[in-house]
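Each remark here refers to the structure printed beneath this line.
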Amino acid sequence: MGSRGKRLILNANEVKAAREKLPSMFRPQKQEDGRWRMARYSARAVARLRRATIQQGRVWPYDVPKKEVVWERMFKGHKEDREAAEKLERIRRNMERMPEIIAAYRREKKERKAPKKEGLQLLLSTPRATRSS
């Protein structure tokens, strides 16, 4: 799918049927060897014939309807509008996890702040009740 979207021809069957009804002189012909042979009458010559027929008051039986082309294209809009629902869902999920995240942050901050005690410092800083047992 290109930047223009998907191309749809609304009346494709109508156009195809009308082209098949055209006389062979108005259509290119495929030869037996696979090559194409030009139409005996060019599109301009056919248009002249059609105009002359209509001016004489007769009906032109070989009218081919114009193709009705429609491009199916996603309305682009703004990125923030397209992704708003996903963003709200992501925020809701993150808010549910927020207490765990805050607790982990506080534990980490407390561990970073507290100086690490080793050896004699650790022994002296522990309460007396734990040292005696």
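The values are calculated or read from the model by the stated rules, or taken from the named source; none is laboratory data. If you're wondering where the values come from, they're calculated on a predicted model, not measured in any experiment. Reconstructed Cβ throughout: ideal geometry from the backbone, glycine too, with neighbour counts over all protein chains shown. Protein only, heavy atoms only, side chains kept; ligands, DNA and RNA dropped before computing areas. Shrake-Rupley method; radii C 1.70, N 1.55, O 1.52, S 1.80 Å.
Considering only residues that are open to solvent by 90 Å² or more (accessible area, probe 1.4 Å) and either in a helix (DSSP H, G or I) or small (Gly, Ala, Ser) (or both), which ones fall in segment 32-50?
Arg44, Arg48, Arg50
Give Pro28, Pro23, Pro65 a once-over and let me know the one that is touching an Asp or Glu at 6+ places or on another chain (Cβ under 6 Å) and open to solvent by less than 80 Å² (accessible area, probe 1.4 Å). Break it down into steps so the answer makes sense when it comes.
Numbers: Pro28 fails: touching an Asp or Glu at 6+ places or on another chain (Cβ under 6 Å); Pro23 fails: touching an Asp or Glu at 6+ places or on another chain (Cβ under 6 Å).
Matching residue, one of Pro28, Pro23, Pro65: Pro65.
One residue is enough: does segment 52-62 have a residue meeting the conditions charged (D, E, K, R), under 28 Å from Ile9 (Cβ atoms) and assigned by the TED database to the domain that holds Phe26?
The answer is no, given that none of the residues of segment 52-62 is charged (D, E, K, R), under 28 Å from Ile9 (Cβ atoms) and assigned by the TED database to the domain that holds Phe26.
Are any residues in segment 102-123 aliphatic (A, V, I, L, M) and touching a helix residue (DSSP H, G or I) at 6+ places or on another chain (Cβ under 8 Å), and if so, which ones?
The one that is aliphatic (A, V, I, L, M) and touching a helix residue (DSSP H, G or I) at 6+ places or on another chain (Cβ under 8 Å): Leu123.
Would you mention how many residues in segment 68-92 are modelled with pLDDT of 95 or more and open to solvent by 100 Å² or more (accessible area, probe 1.4 Å)?
Total satisfying the criteria: 5.
With the condition kept exactly as written, say whether any residue in segment 53-63 is free of Cβ contacts under 8 Å to residues at least 60 places away in the same chain and under 27 Å from Arg7 (Cβ atoms).
yes
Could you please tell me which pairs satisfy a Cβ distance under 7 Å, a separation of 6+ or placement on different chains, a first residue in segment 1-27 that is in the same structural domain as Arg37 (by the TED database), and a second residue that is at pLDDT 90 or above and small (Gly, Ala, Ser)?
From residues that are in the same structural domain as Arg37 (by the TED database), the pairs are Met25/Ala39; Phe26/Ala39; Arg27/Ala39.
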